[in-house]
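Following: one structure in structure tokens, then a few remarks.
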Amino acid sequence: MADPEPIHVREISPDDLKARLENGDDLIVVDMRQAWEYQAGHIPGALHMFIQDIPYRFKELPQDTEIVFQCWHGNTSLQASAFLIDNGWSGERIASLSGGIAGWVQAHGMGSLEQD
């Protein structure tokens, strides 16, 4: 039996994501960090779904909308993206934020974050 094809996860840069959000594109940013980290500062409009909850809550995410996963540095979000693709989501609609929230803050500053 042949090994399955590796899952390719698309990445989006902080600049591209910010431009798409400002443009009003139909996409959902999922912040996978701890609740207190999300409350301290997150990308405007981001949905909070802690990484450990994704296997139980991923079906809450629409399959017909682009989803961008975001974590601290962009590694865990790659894994979450692959998980959704492996569970039937189109790889064309799933992306990981390159560099995570650290890359976002480096590109756009702390003032670009929303706080709860």
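Restricting to helices (runs of 4 or more DSSP H) lying wholly in the stretch 1-71: which have 2 or more residues that are more than 15 Å from Asp86 (Cα to Cα)? Break it down into steps so the answer makes sense when it comes.
Details: elements: 14-22, 35-40, 54-57.
Qualifying helices (runs of 4 or more DSSP H): 14-22, 35-40.
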Of all residues in the stretch 81-95, count the ones that are under 15 Å from Ile28 (Cα atoms) and polar (S, T, N, Q).
2
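Among the residues of the stretch 41-61, count how many are in contact with a Lys or Arg (Cβ under 9 Å, 6 or more places away or on another chain) and of a type outside the set (Phe, Trp, Tyr).
So in the stretch 41-61, the residues in contact with a Lys or Arg (Cβ under 9 Å, 6 or more places away or on another chain) come out as 42-43, 48-51.
Retained after the next criterion (residues that are of a type outside the set (Phe, Trp, Tyr)): 42-43, 48-49, 51.
Within the stretch 41-61, residues that are in contact with a Lys or Arg (Cβ under 9 Å, 6 or more places away or on another chain) and of a type outside the set (Phe, Trp, Tyr) number 5.
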Quick check, is Ile28 closer than 16 Å to Leu113 by Cα, at pLDDT 95 or above and touching a Phe, Trp or Tyr at 6+ places or on another chain (Cβ under 9 Å)?
no
Members of the stretch 28-49 found to be of a type in the set (A, V, I, L, M, F, W, C), over 20 Å from Ala107 (Cα atoms) and in contact with a helix residue (DSSP H, G or I) (Cβ under 7 Å, 6 or more places away or on another chain), listed by number
Met49
Which listed residue is of a type outside the set (A, V, I, L, M) and touching a helix residue (DSSP H, G or I) at 6+ places or on another chain (Cβ under 6 Å), from Gly109, Gly99, Gly103
Gly103
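Among the residues of the stretch 84-116 satisfying the criterion of being assigned to a helix (DSSP H, G or I) and buried (at least 17 other Cβ atoms within 10 Å of the Cβ), which is farthest from the chain's Cα centre (by Cα)?
We begin by selecting, within the stretch 84-116, every residue assigned to a helix (DSSP H, G or I); these are 84-86, 91-93, 100-108, 110-112.
Filter once more, so that each one left must be buried (at least 17 other Cβ atoms within 10 Å of the Cβ): 84-85, 93, 100-101, 103-105.
Values: Leu84: 11, Ile85: 13, Arg93: 11, Gly100: 8, Ile101: 10, Gly103: 13, Trp104: 12, Val105: 15 Å.
The extreme case among them is Val105.
Return the residues of the stretch 16-35 that are touching a Pro at 6+ places or on another chain (Cβ under 9 Å) and farther than 15 Å from Gly103 by Cα; say none if nothing qualifies. Spell out the reasoning first.
We begin by selecting, within the stretch 16-35, every residue touching a Pro at 6+ places or on another chain (Cβ under 9 Å); these are 21, 28-29.
Hits for the stretch 16-35 are Leu21, Ile28.
Taking the condition surrounded by fewer than 18 Cβ atoms within 10 Å (Cβ to Cβ), in contact with an Asp or Glu (Cβ under 8 Å, 6 or more places away or on another chain) and among the acidic types (Asp, Glu), does Asp64 pass?
Numbers: surrounded by fewer than 18 Cβ atoms within 10 Å (Cβ to Cβ): yes; in contact with an Asp or Glu (Cβ under 8 Å, 6 or more places away or on another chain): no; among the acidic types (Asp, Glu): yes.
Considered against the rule, which asks whether it is surrounded by fewer than 18 Cβ atoms within 10 Å (Cβ to Cβ), in contact with an Asp or Glu (Cβ under 8 Å, 6 or more places away or on another chain) and among the acidic types (Asp, Glu), Asp64 comes out as no.
The values are calculated or read from the model by the stated rules, or taken from the named source; none is laboratory data. Bear in mind that the values here come from a model prediction, so they are computed numbers and not experimental data. Glycine gets a Cβ as well: all are built from the backbone with ideal geometry, and neighbour counts include every protein chain shown.
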